[in-house]
Amino acid sequence: MRGMALQEYSQCRYIMKVTRLRLTIQKWGNSLALRLPKALAKDLGLEAGSAVEVRSDGNEITIRRAAVKCALEDMVLQISESNRHSEIEVKPVRGKEAW
């Protein structure tokens, strides 16, 4: 069955980008696992160790890539002369702001 699902996906993905697959839940230790075909994982940019979010409404499961969380230090390290903006002019103080 697995080979058939992969074959169906390979035939459809270049024509209509159809990603509807029939996969089988398998036992993995004391848990259950869903194995993604390599071609699908590649199209989605997923690899072993990729973080995903799983949501369920009781009848349907949605799997999507987890949002990447950036640390402030990492973002500051990416500032360079080419992407730094100039000073921004602000209006005169109108309240009790302390400058």
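In segment 36-47, the residues that are surrounded by 14 or more Cβ atoms within 10 Å (Cβ to Cβ) form Cβ pairs under 8 Å with partners that are acidic (Asp, Glu), at six or more places apart or across chains, as follows: 41/47. If you go through segment 67-99 and keep only what is more than 30 Å from residue 43 (Cβ to Cβ), part of a helix (DSSP H, G or I) and not β-branched (Val, Ile, Thr), you end up with 72, 73, 77. Mind checking whether some residue in segment 16-27 is charged (D, E, K, R), assigned to a loop (DSSP other than H, G, I, E, B) and on the phi > 0 side of the Ramachandran plot? Looking for residues that are charged (D, E, K, R), assigned to a loop (DSSP other than H, G, I, E, B) and on the phi > 0 side of the Ramachandran plot, one finds at least one in segment 16-27, hence yes.
Does residue 61 count as within 16 Å of the chain's Cα centre (by Cα) and without any contact (Cβ under 8 Å) to a residue 40 or more places away in the chain? When the stated conditions are applied, residue 61 passes them. When you check residue 64 against the structure, is it assigned to a strand (DSSP E or B) and basic (Lys, Arg), yes or no? Against the criterion (assigned to a strand (DSSP E or B) and basic (Lys, Arg)), residue 64 qualifies. For segment 42-53, a residue qualifies if it is within 17 Å of residue 21 (Cα to Cα) and modelled with pLDDT of 90 or more, and exactly one does: 46. Residues in segment 54-90 that are of a type in the set (A, V, I, L, M, F, W, C) and either over 29 Å from residue 21 (Cβ atoms) or surrounded by fewer than 10 Cβ atoms within 10 Å (Cβ to Cβ) (or both): 67, 68, 70, 71, 72, 75, 76, 77, 79, 88, 90. Applying the selection to segment 47-80, what residues are within 14 Å of residue 34 (Cα to Cα) and hydrophobic (A, V, I, L, M, F, W, C)? Result: 48, 52, 54, 61, 63. Please verify whether residue 54 is assigned to a loop (DSSP other than H, G, I, E, B) and among the β-branched types (Val, Ile, Thr), treating the condition exactly as stated. Taking the combined requirement at face value, the residue does not satisfy it. Determine whether segment 22-29 contains at least one residue that is out of contact with any strand residue (DSSP E or B) (no Cβ under 8 Å at 6 or more places or on another chain) and modelled with pLDDT under 90. Yes, because at least one residue in segment 22-29 is out of contact with any strand residue (DSSP E or B) (no Cβ under 8 Å at 6 or more places or on another chain) and modelled with pLDDT under 90.
The values are calculated or read from the model by the stated rules, or taken from the named source; none is laboratory data. Just so we're clear, the structure is a prediction, and the values are computed from it rather than from any experiment. Glycine also receives a Cβ, built like all others from the backbone with ideal geometry; neighbour counts cover every protein chain displayed.
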